[in-house]
Amino acid sequence: QVQLVESGGGLVQPGGSLRLSCAASASIFSFIGTGWYRQAPGKQREMVAAITSGRTTNYADSVKGRFTISRDNTKNTVYLQMNNLKPEDTAVYYCNVRQTLTRDYWGQGTQVTVSS
């Protein structure tokens, strides 16, 4: 079992930046992928960004050019740098780490609110 602890969420004005962190309780070096998802009120959870063990990245069209995902295997941590935030980015953001094709883990979520 792997526990994930997210941090870095909060209230930010439009155009601002935040960096989310997701610290894992165990090594994620061999995990096949890690990612960030978000869920806004009344909407389904959606993938925001993902990165494989081979450092291949994938982004939702709505965040391309603004968000950057990275992982530091030495710290067992996944990051999401979010720049030029927009009100529509407001959501609860969840970290996901995938150990195998059939086993993955979720964090508890961190709230991001973009508002003036």
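Select from segment 6-21 the residues that are over 11 Å from the mean Cα position of the chain (by Cα) and either among the hydrophobic types (A, V, I, L, M, F, W, C) or not in a strand (DSSP E or B) (or both) and list them in ascending order.
Taking segment 6-21 and keeping what is over 11 Å from the mean Cα position of the chain (by Cα), we get 10-18.
If the condition is that a residue be over 11 Å from the mean Cα position of the chain (by Cα) and either among the hydrophobic types (A, V, I, L, M, F, W, C) or not in a strand (DSSP E or B) (or both), then 11, 12, 13, 14, 15, 16, 17, 18 are the ones that fit.
Quick test for you: out of 89, 104, 61, 72, pick the one residue that is out of contact with any strand residue (DSSP E or B) (no Cβ under 9 Å at 6 or more places or on another chain) and of a type in the set (Asp, Glu).
Numbers: 89 fails: out of contact with any strand residue (DSSP E or B) (no Cβ under 9 Å at 6 or more places or on another chain); 104 fails: out of contact with any strand residue (DSSP E or B) (no Cβ under 9 Å at 6 or more places or on another chain); 72 fails: out of contact with any strand residue (DSSP E or B) (no Cβ under 9 Å at 6 or more places or on another chain).
When all the criteria are applied, what remains is 61.
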Of the criteria (1) out of contact with any helix residue (DSSP H, G or I) (no Cβ under 7 Å at 6 or more places or on another chain); (2) within 15 Å of residue 82 (Cβ to Cβ), which one residue 48 fails: (1)
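Values quoted throughout were computed directly from the atomic coordinates according to the rules given, and no laboratory measurement underlies them. This one's a predicted model, so the numbers in the text were calculated from it and none came from an experiment. FYI the Cβ positions are ideal-geometry reconstructions off the backbone, even for glycines, and counts take in every protein chain you see.
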